[in-house]
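**Student:** This is the structure I want to talk about, given as structure tokens.
The values are calculated or read from the model by the stated rules, or taken from the named source; none is laboratory data. All values derive from a computational prediction rather than experimental measurement. We place every Cβ from the backbone using ideal geometry, glycine too, and count neighbours over all the protein chains shown. The accessibility values were calculated without ligands, DNA or RNA, using every heavy atom of the protein model including side chains. Shrake-Rupley method; radii C 1.70, N 1.55, O 1.52, S 1.80 Å.
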Amino acid sequence: MDDMRSTSGYAFTIGSGIFSWSSKKQETTALSSAEAEYVAAASSACQAIWLRRIFEDIGEKQENATRIFSDNKSAIAMAKNPVCHNKTKHIKIKHHFLREASTNKEIELHYCKTELQLADIFTKALARTRFEILRSMLGVAPMRIKEEC
């Protein structure tokens, strides 16, 4: 059954390895793709800040902002513009945490082309070719099962 709710997803890496990822249905139905991406970016920002605190606790403080990539320019613009617009006033207040994290330089939102958005592997049904490309970009190798005699 399709409940019309979007799926948020993220993947965090250190060096060439992925160490934190998520794929989760959003709590509310988004009224636009920009809103869905904004909510997803807020979820990513929460995880990024939590990870930054863990690294700081073990003596590995991150001096620069954590880069979060989004393939939606409108969502990035909504996060960077603190003025409340008619198009964003209905979004739950908790998601506007994204603006604060961006203003505080804890996270930095960057645009990336849809074809390069790694999180899509966690959030969308993909054609086999695109799935295999994203899987490879994540560093995951296909498993080969040998037939038994």
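**Student:** Which one is least open to solvent (accessible area, probe 1.4 Å) among residues in region 52-69 that are within 14 Å of residue 13 (Cα to Cα) and among the basic types (Lys, Arg)?
**Tutor:** Out of the qualifying residues, it is 52.
**Student:** Does residue 63 satisfy being farther than 16 Å from residue 100 by Cα, in a loop (DSSP other than H, G, I, E, B) and acidic (Asp, Glu)?
**Tutor:** Criteria met by residue 63.
**Student:** Mind listing just one residue for me: the one in region 21-51 that is over 23 Å from residue 113 (Cβ atoms) and in a strand (DSSP E or B) and, of those, least open to solvent (accessible area, probe 1.4 Å)?
**Tutor:** In this case the residue turns out to be 25.
**Student:** Let me ask something additional. Considering only residues that are crowded, with 16+ Cβ neighbours inside 10 Å and among the β-branched types (Val, Ile, Thr), which ones fall in region 116-132?
**Tutor:** Within region 116-132, 121, 123 meet the criteria.
**Student:** Sticking with this structure for a sec: When residues of region 112-149 are filtered for being assigned to a loop (DSSP other than H, G, I, E, B) and closer than 13 Å to residue 71 by Cβ, how many remain?
**Tutor:** Count: 6.
**Student:** Further, regarding this structure: Scan region 7-26 for residues that are under 16 Å from the mean Cα position of the chain (by Cα) and in contact (Cβ under 8 Å) with a residue 60 or more places away in the chain and jot them down.
**Tutor:** Scanning region 7-26 gives 7, 8, 9, 10, 11, 18, 21, 22, 23.
**Student:** What number of residues within region 1-20 are in a strand (DSSP E or B), in contact with a strand residue (DSSP E or B) (Cβ under 9 Å, 6 or more places away or on another chain) and more than 16 Å from residue 67 (Cβ to Cβ)?
**Tutor:** Of the residues in that region, 3 qualify.
**Student:** Going by the structure shown, is residue 9 over 17 Å from residue 118 (Cβ atoms) and at pLDDT 80 or above?
**Tutor:** When the stated conditions are applied, residue 9 does not pass them.
**Student:** For region 20-30, check the following and say yes or no: at least one residue is modelled with pLDDT under 85 and charged (D, E, K, R).
**Tutor:** yes
**Student:** Looking at region 96-111, I want the residues that are farther than 12 Å from residue 42 by Cα and have a partner that is open to solvent by 90 Å² or more (accessible area, probe 1.4 Å) with Cβ atoms under 8 Å, at least 6 apart or on another chain. Which pairs are those?
**Tutor:** Close Cβ pairs (under 8 Å, with a partner that is open to solvent by 90 Å² or more (accessible area, probe 1.4 Å)) amount to 103/82; 110/67; 110/69; 111/69; 111/73.
**Student:** Within region 31-79, how many residues are under 15 Å from the mean Cα position of the chain (by Cα), among the basic types (Lys, Arg) and within 19 Å of residue 20 (Cα to Cα)?
**Tutor:** 1
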